[in-house]
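Just so it is clear, none of the values below were taken in a lab; they were calculated from the coordinates. Fair warning: this is a prediction, and the values are worked out from it, not measured in the lab. Counting neighbours? That spans all protein chains shown, and the Cβs are built from the backbone with ideal geometry, glycine included.
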Amino acid sequence: MLLDVGSLTVIGVTLGGLLGVAAKLLHVEEDPIEHELLGMLPGSQCGQCGYVGCGQYAHALAHEHAPVTLCAPGGKTTAETLAKRLGVKADLSEHEDKGPEYAVIDEDLCIGCLRCIGECTSDAIVGSVKHVHTVIADQCHGCAKCFKICPTEAIHMCKVPVTLGTWHWDKPHTDAATH
Amino acid sequence: MKLFPVRGGIHPEYRKDATSEAAITPLPLPTALYLPLQQHIGAPAEPVVEAGQRVLKGQLLAHAGGSVSAPTHAPTSGVVEAITEVAAPHPSGLTQKTIVLLPDGREEWAELPAPIADPFATAPEILRRRVAESGIVGLGGATFPSAIKLSLGTQKKIDTLLLNGAECEPYLTCDDRVMREHAAEVVDGARIMAHILGAPKVVVGIEANKPAAIAAMTDAAKQFGNVEVVPVPVQYPMGSERHLTQAITGLETPARKLTADLGVVVHNVGTARAVHHAVRFGRPLLSRVVTVSGGAVAKPANLEVPLGTLVSDLVAFCGGLTQPPRRIVNGGPMMGQPLPGLEVPVVKGTCGILALTAGECDEQPPGPCIRCGTCVTICPCGLVPVEMAAYIRHDKLDAAAKVGVMDCVSCGSCSYVCPSHIPLVHYFNYAKGAITAADRDRRKQDSTKALIEAHNDRVEKALAAKKAAAAAAAAKRAAEAAAAQASSETSADKQGNP
């Protein structure tokens, strides 16, 4: 009986100690907030924010006070989510919200070179070699990477139109003293 | 029948006298009909006709575009001129895909589905399909496809079909006139709907300010034991399905649930009449009754209008406008939406067209909130409008959602009573739209993220497979080289040692 208890205690203490030492020695430096912010970004690595990719922008947001309004594909919603998580006020007044965009391929100019398909991170472009490519508008999130790479300037970015289904009333304009 | 009190509500001036005695007049065929593909809640209909094609009255023009959708039929015979973008009867002034039909005046009927002589001996599913194929949607203004609401009986135990004849909006008298002039058709349609739902009883709720309609409906219903006509108190918004249900059953519909969860399905009286036509005669929904009223209209009237007629044709038939209206409203003055102009078509959900004078509109500038609490007292949904509006004003939409802005039915009672003329319901309409838009954005981002992850996974796997193939090829080459060397060595050995 005593032997059982004793041996188990020894095993427990030894393994626990080992785990403790391993946790200290093999500790990986990772900022949880950075990870969380990265989760809020679209993840298309388009670089329109001015950073190399989403990870770098998340790092800059967490440590370098980068403005929350830089993500173009994410738009207003992403800016607001980021601002809320970081506890800062999103200054949307200076942020020129272009509104959501999507890519359109001009079929007369497309030479079927596949380069845009290679760039597209959300598989929104279909086509094959020397055949006209086209964009599936619903899958495109407007990162504009294809727009930049197209050798014949066959791609242009269009605004996602407001339809009867997406339209809603504007906020009423009233005097500041109302409430 | 014992009635139950409903919280809050208001008593606006009803102003129904202008049209309540005006019998329903059929509007002569206009020179062109504009039939939008989206006249209902859900997916737009998909056209099955082409420009230049001749169509007959009642012929299918566009079929339902999804599980929640409704087809559209030709209100008269004529030629499809085009399928193009036309201004929608919507406050945004946006256009939508519309079938333009030029009537030829011959009113030639297409071959209609066979009338169902004894609907009560017919399976509910067959009747439900007939309602769906006839393009019937909620004619009270909500335009939800009726067949879907009628299928609730298969999922839930429905004990009452509540027929909504409350018509609590001021000015509007189209339901009143339909009940007075076509009571038998309405009652028959209601009984068919109750049969589809499997509901043993039908209750018709009519506001007590319509004694003629109550008398006509009671008379039409008296030969049927399971149809009861109940006068309900005059109190806006009694015509809201949740509030009418509460008045009749005493049960309040929980937030984000349906009245069907309480065993009650509510349909408008006009919808019941359309169901009667579809089942008994095979006629799809081709026209509806519209009240044209307001201080700026020369001769206010109730008109039976072919769907797709321009509002300007209705106004012209009513003698035109006596003065430039301050506002053109689609629907009633409480919940109706302003129209961008008169050149928009009447659709399935148009119950009224009001040309209001400046004297009929309250356009005083909003003042400071005096914290009187009237909006809280009258809110029929038990919300606190003053608090929600304050949150929304400061862009705290999440906080507004937490105190229930999504449960607001936009009845407008709070804006109506506010002594400071604060556009409360405008705040809530904005907030509801903005919250829905943000939700839509979030869903789009989630789907984009999933696509990107799938793409990255695939690229990684392809890369790994390439590497593995290269490694395998290298290994194979090495093995071959080794084998070749070994064989050359052995042959050398052989040569060396003959």
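Structure notes:
- Helical mean residue ellipticity (222 nm; -39500 (n - 2.57) per DSSP H run of 4+; nearest 500) of chain A: -11000 deg cm²/dmol
- 27 Å Cα cut-off, lysine pairs counted over chain A (separation 8 or more, or different chains): 22
- The range B:1-87, relative contact order in percent, only Cα pairs under 8 angstrom and at least six apart counted: 23 percent
- Folded to 0 to 90 degrees: helix B:424-496 orientation relative to chain B principal axis, Cα: 10 degrees
- Order of B:Phe428, A:Phe147 under a 10 Å beta carbon neighbour criterion, fewest first: A:Phe147, B:Phe428
- Counting, for every residue in B:446-454, the Cβ atoms of other protein chains within 10 Å of its Cβ and taking the mean gives 6.
- Difference of contour (0.36 nm per residue) and Cα-Cα distance, A:Gln56 to A:Val126: 22.2 nm
- The distance linking the range B:287-361 with the range B:425-477 is 49 Å (Cα centroid to Cα centroid, whole angstrom).
- The shape of the range B:314-357 comes out oblate: with a ≥ b ≥ c from the C-alpha gyration tensor, a/c is at least 1.5 while a/b does not beat b/c.
- Projected area averaged over orientations for chain B, convex hull of C-alpha atoms, nm²: 36.1 nm²
- Share of Cα-Cα pairs in the protein assembly as shown lying beyond 34 Å, as whole percent: 59 percent
- The alpha carbon gyration tensor of the range A:101-159 gives principal lengths a ≥ b ≥ c with a/c of 1.5 or higher and a/b greater than b/c, which makes the shape prolate.
- Stokes-Einstein diffusion coefficient of the range B:1-79, Kirkwood radius over Cα pairs, 20 °C, 1.002 mPa s, in µm²/s: 129 µm²/s
- Largest first and in whole Å, the equivalent-ellipsoid semi-axes of the range A:32-179 read 32, 22, 11, each the square root of five times a Cα gyration tensor eigenvalue.
- Relative contact order (%) - criterion: Cα under 8 Å, at least six apart; region: the range A:32-86: 32 percent
- Inter-label distance, nm, simple model (7 Å from Cα along the C-beta direction), B:Thr154/A:Lys171: 4.6 nm
- Amide H partners (placed H, <5 Å) of B:Thr76, local residues excluded: B:Gly58
- Crossing angle, helix B:124-133 versus chain B [Cα axis fit, 0-90 degrees, rounded to tens]: 90 degrees
- Net length gained if the chain between B:Lys222 and B:Ala184 were fully extended (0.36 nm per residue, minus Cα distance): 12.6 nm
- Inter-centroid distance (Cα atoms) of the range B:163-230 relative to the range A:4-33, Å: 77 Å
- Spin-label model, B:Val403 to A:His35: label points 7 Å out along the Cα-to-beta-carbon direction sit 3.7 nm apart.
- At full extension, A:Leu3 and A:Ile136 could sit 40.8 nm farther apart than now, given 0.36 nm per residue minus the alpha carbon distance.
- Note that the range B:319-335 has calculated 3J(HN,Hα) couplings of x, x, 9, 7, 8, x, x, 6, 7, 9, 10, 9, x, x, x, 7, 10 Hz, one per residue in order, obtained from phi through the Karplus relation 6.51 cos²θ - 1.76 cosθ + 1.60 (θ = phi - 60°); glycine and proline are x.
- Per-residue ellipticity at 222 nm computed for chain B from its helices equals -11500 deg cm²/dmol, with DSSP H segments shorter than 4 residues left out and the rest contributing -39,500 (n - 2.57).
- Packing-based order for B:7-15, A:29-37, using average beta carbon neighbours within 10 Å, highest first: B:7-15, A:29-37
- Against chain B, whose longest principal axis comes from its Cα atoms, helix B:183-197 is set at around 30 degrees.
- Among A:Gln48, A:Gln56, A:Gln139, residue whose mean-square fluctuation peaks in a GNM of chain A (springs only between Cα atoms under 10 Å): A:Gln139
- C-alpha center-to-center spacing [the range B:246-261, the range A:120-163] in angstrom: 48 Å
- Diffusion constant of the range A:32-86 at 37 °C, which comes from Stokes-Einstein with the Kirkwood Cα-pair radius and 0.692 mPa s, µm²/s: 309 µm²/s
- Eigen-decomposition of the gyration tensor built on the alpha-carbon atoms of the range B:164-236 gives equivalent ellipsoid semi-axes of 20, 12, 11 angstrom, largest listed first.
- In loop segments of the range A:107-153 as defined by DSSP, the trypsin sites (Lys or Arg not before Pro) with at most 12 further C-beta atoms inside 10 Å of their C-beta are A:Lys130.
- Helix runs (DSSP H) in chain A reaching 18 Å along axis by Cα, Kyte-Doolittle at least 1.0: A:2-25
- Each eigenvalue of the Cα gyration tensor of the range B:265-395, multiplied by 5 and square-rooted, gives one semi-axis; in descending order these are 34, 23, 12 Å.
- The range B:163-205 pair-distance distribution - Cα-Cα, 5 Å bins, rounded %: 5, 21, 28, 21, 15, 8, 2
- Considering only alpha-carbon pairs that sit under 8 angstrom and 6 or more positions apart, the relative contact order computed for chain B is 17 percent.
- B:Ala358/B:His394 FRET efficiency (R0 35 Å; Cβ-Cβ; nearest 0.05): 0.60
- For the range B:357-498, the Kirkwood estimate of the hydrodynamic radius, built from every pair of different alpha carbons, is 21.5 Å.
- R0 of 41 Å, Cβ-Cβ distance B:Ala215-B:Ala255: FRET efficiency to nearest 0.05: 0.65
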